[in-house]
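Below is one structure, written out as structure tokens; the observations come after it.
Just so it is clear, none of the values below were taken in a lab; they were calculated from the coordinates. Computed from a prediction, not measured in an experiment: that's the story for all the values here. In this analysis, Cβ positions are derived from the backbone assuming ideal geometry, glycine residues included, and neighbour counts consider all displayed protein chains.
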Amino acid sequence: MNKLPFVLIAFSILINVNLSAQTEQQSGDDPFSQSKFVPDISFILDVSYLYRDIKNDDYNLFEVPGLIQSTLEESAHGHEHAEMNSRSGFNLNYGELVVASTVDPYFDLFGIFHLSSEGFGIEEGYFLTRSLPLGFQIKGGKFLSSFGRINEQHAHYWAFANMPLVYKSFFGSHGLSEIGMQINWVAPTDFYLMFGGELLQGNNETSFGADGFQDLSGSIKVSSSNAPNLYTGFMRTSFDVDNLTVLAGISGAFGKSRLNHGIDTDAPDGHAVYEDAKILNANLTLKYIIESYRDITFQTEFLNKITKGDLYYKDSIGTTMKGDISKDQSGLYSQLVYKFSQYWRIGFRYDLLMKNEIVRNSSTLDLPDFMPQLSSMIEYNPTEFSRIRLQYNHDRTKYFEDNLKINNEILLQINLSIGAHGAHSF
Amino acid sequence: MKNIIIILISIILTGSVFADELNVVTTYPYIASIVEQVGKDKVNVFALAKGEWDPHTIIPKPSFIAKLRKADILILNGAQLEIGWLPPLMRQANNSKIQVGTPGILDLSKHVELIEVPTAISRAQGDVHPDGNPHFHLDFKNIPKISTAIAHKLSEIDPVNKATYEQNNNAFLENYYQKEKEWTAALEKLRGTKVIEYHKIYDYLLRRVGLQLVGTIEPVPGISPTSRHIESLEKIISSNDVKYILQDVYHPDDASKYLSSKHNIKLKIIPHDIGAVSNTNNIFELFNEIVRRLIGD
Ligand SMILES: [Zn+2]
């Protein structure tokens, strides 16, 4: 894993040597010149400065009850995350290396690598077919699922610095990023209509785990999944009415989930679940184009998560017990972004976690079920390759020992890209 | 019943039961207008971008994917003018006919001579066009090359109607050369006139007409004017007899207006594509209007 950066550096040096050699002696001279085949390469850097009125150490103890564990608890269970914009002070959110090219007449290949303080990871590595008939396309490898609207978009396409809370709650800070296959079909209609489905391994940190577990004594054991464990289905449609574009979609993710939160340790609160999980999504985007550089976009997504299964937990003397657990949780975000010049955008977002029902061994947990967050941002894009964003979050979702801890944060984010020209997303 | 289902499925899958016309999608309206002239009733043509938008930054509407999905031919301007918006749409269209490298794609920039090809490229010079200036269609002498390339492409994809396409193109060219003579004659009096433009979008036109460009409102491509740059333009203006400021329809015109009123230079809004201003419904009307605006006061 740690060798990868060096391999890539060596690779890029080779490319550079090759390129400069080419410009010096023109392509005709070297009969084996490969430089025309260099893939599109770009590098994106995202850094921020965050001010929060709560100390980092205190903030790490906060949780979103029933939805997001505290950072401290997560790392105790072996999840180590350098989450974006998470600490007061400077944050290196990511350096993203994108390599893409056409393989042959049949495939395109994409590699997206994230370099963060966590290490070096393959964020995405997938192929797309180019020549399937009748409007079909297959995608395979590791990729961000096409579930929902923003899940498949990389963070630099988002209108706000952080992920909507409902996505973070249901999928964790990396979204639904999975290994598997996707097939999608675009209908030959005058308006846009697309259907798709995915067969995925199911390795999501929050909702769809594939790794089995057993407790210390070995009295309970749930074996790991031997096959893809997660299915998604999605549909999108879009049409224009004069200068207004409407994009709507629905999707669902369905899986069998094994999630271990320390049942294999001597932690007294160690537990694990083995459950059926489904997450449903409905989304709507309205974009009104006023003129070339001015438009208003309203975007909203609603998600509902329903799970039901077995809970493994420890009683007062540490013996593993088996019970049952079910969840019915929902949340949404709605945002309005106004691009008022070639270079400037402002936006407002309302996040809400609004249903939070967890029934554990037939008793309903007492959890807050109205947790909002308000965000606003102003963004300056000097060119298509740079962005400076100022964002304010008023967060009423964080709790410590059942008490609401209101969190205000201001962040200044800078996002820069070099190399191959990126394209806008809708 | 079974037959009906099979027919329905085939309509859904191919959408091609009634499609005896060739579906041609173009990125910009000027291309669509030429395709209409060459293809006439044999083609069904749709332009993705609107003529009043900045051609560099088109908002990639999902409805464009639907148009690309059904395209038999995609005709693009090329020279990287579409780089910021078209590639993801092409990938999402799932149409094997219009993938890069297939015969269903026509890149017009390959059929004309590009000017201003940079020798060294750095984005310190702004959002440079690395292959050269892509706004070649505003040289009216390039239009015959474009229409002929389109006629060849339509004939290649739809060989049955080859004779029709060639005939249509010849008829179009005959008409066009006539108009071109009129435009050339009308513009002759502008030769040597000094102008300023916003973005280097009119360079091909300026060369053809013999207009002399002495400065651009944007300091480098894609960057809005700074007060320092405006000052340097004012120096240029004071030492040159600048007659016109040429402005497109989509950039803010405050800097142009400021210079225009302060230095008493005529500000002219020049349409860069069909639909940018009224009375530009086809390629003839576009150049008629450009000429009218250039020579008028
Ligand atoms: Zn340009």
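In table form, for the structure just shown:
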{"read-out": "GluC sites (Glu not before Pro), loop per DSSP, at most 13 other Cβ atoms within 10 Å - longest free stretch of chain A", "value": "A:119-400"}
{"read-out": "Radius, Kirkwood style, for chain A when every pair of distinct Cα atoms is counted (Å)", "value": "23.6 Å"}
{"read-out": "Region A:215-276, relative contact order in percent, only Cα pairs under 8 angstrom and at least six apart counted", "value": "30 percent"}
{"read-out": "Residues A:303, A:404, B:86, sorted so that the one with the fewest Cβ neighbours within 10 Å comes first", "value": "A:404, B:86, A:303"}
{"read-out": "Other protein chain Cβ atoms within 10 Å, averaged over every residue that makes up A:188-196", "value": "5"}
{"read-out": "Ranked B:146, A:418, criterion: other C-beta atoms within 10 Å, fewest first", "value": "A:418, B:146"}
{"read-out": "Residue among A:29, A:351, A:40 with the largest mean-square fluctuation in a Gaussian network model of chain A, springs linking Cα atoms under 10 Å", "value": "A:29"}
{"read-out": "Neighbouring partner chain Cβ atoms per residue of B:247-254, average, 10 Å criterion", "value": "2"}
{"read-out": "Model label zone, residue A:189; criterion: amide N under 14 Å from point 7 Å along Cα-to-beta-carbon; scope region A:238-271", "value": "A:238-240, A:246-250"}
{"read-out": "Approximate shape of region A:220-336 as ellipsoid semi-axes (Cα gyration tensor, √5λ), whole Å, largest first", "value": "44, 15, 11"}
{"read-out": "Listed residues A:133, A:372, A:31, most fluctuating in chain A (Gaussian network, C-alpha, under 10 Å)", "value": "A:31"}
{"read-out": "Average Cα contact separation per residue, region B:188-295, under 8 Å, 6 or more apart, as relative contact order %", "value": "22 percent"}
{"read-out": "Added length on full extension, which subtracts the Cα-Cα distance from 0.36 nm per residue, residue A:354 to residue A:421", "value": "20.1 nm"}
{"read-out": "10 Å Cβ neighbours from other chains, averaged over peptide B:46-56", "value": "2"}
{"read-out": "For region A:39-419: relative contact order, % (alpha-carbon pairs under 8 angstrom, 6 or more apart)", "value": "14 percent"}
{"read-out": "Efficiency of FRET between residue A:157 and residue A:104 - r from beta-carbon atoms, R0 25 angstrom, step 0.05", "value": "0.30"}
{"read-out": "Virtual spin-label span in nm between residue B:269 and residue A:35, 7 Å along Cα→Cβ", "value": "4.6 nm"}
{"read-out": "Share of alpha-carbon pairs per 20 Å distance bin for the protein assembly as shown, given as whole %", "value": "15, 44, 31, 9, 1, 0"}
{"read-out": "Bridge type composition, region B:188-295 - antiparallel percent by DSSP, nearest 5", "value": "0 percent"}
{"read-out": "Theoretical gain in end-to-end length, residue B:186 to residue B:102 [0.36 nm per residue, Cα-Cα removed]", "value": "26.0 nm"}
{"read-out": "Cα-based helix-to-principal-axis angle, A:4-25 vs chain A, degrees rounded to 10", "value": "10 degrees"}
{"read-out": "Order of A:177, B:155 under a 10 Å beta carbon neighbour criterion, fewest first", "value": "B:155, A:177"}
{"read-out": "Rounded to 10°, Cα long-axis angle of helix B:162-187 versus longest principal axis of chain B", "value": "10 degrees"}
{"read-out": "Convex hull of Cα atoms in chain B, direction-averaged projection (nm²)", "value": "17.3 nm²"}
{"read-out": "Distance in nm between pseudo-label sites at residue B:157 and residue B:119 (7 Å out along the Cβ direction from Cα)", "value": "3.9 nm"}
